[in-house]
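Input: a single structure, listed below in structure tokens.
Values in this text are rule-based calculations from the coordinates and carry no lab data. Please read all numbers here as calculations on a predicted model, not as lab measurements. Cβ placement follows ideal geometry from the backbone for every residue including glycine, while neighbour counts extend to all protein chains displayed.
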Amino acid sequence: MIGILGGMGAAASATFQSRLHMIAQLTHGANLATLHVADTSIPARADHLTGTGPTPVPAILRSLRALSAS
């Protein structure tokens, strides 16, 4: 199983997951088992980097723990 942490750009997460499945079909002829956690409460990284928002690290770690527990 492959875990995907998304929610920091829903369209990008969906595109990544679609491409991942397409590559698995082409290279292995099979589907992958995936678990996608989309946490839209994660603060924007760009805001943090420009000093206008909170760090996203605690929210990312929380989501990663949820993903690994699944």
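With K and R counted +1 and D and E -1, the other residues having a Cβ less than 14 Å from that of Ser70 yield a net charge of +1.
Given (i) 14.3, 46; (ii) 15.5, 48; (iii) 14.9, 46, which label gives Rg and Dmax of the Cα atoms in Å as computed from the coordinates? Here Rg and Dmax of the Cα atoms in Å agrees with entry (i).
Rounded to the nearest 500, the helix-only mean residue ellipticity at 222 nm of the chain stands at -16500 deg cm²/dmol, with each DSSP H run of n ≥ 4 adding -39,500 (n - 2.57). Among Ile23, Ile42, Ile60, the residue with the largest mean-square fluctuation in a Gaussian network model of the chain, with springs joining Cα atoms closer than 10 Å, is Ile23. Please give the helix 57-69 orientation as an angle from the longest Cα principal axis of the chain, in degrees from 0 to 90, rounded to the nearest 10. The answer is roughly 30 degrees.
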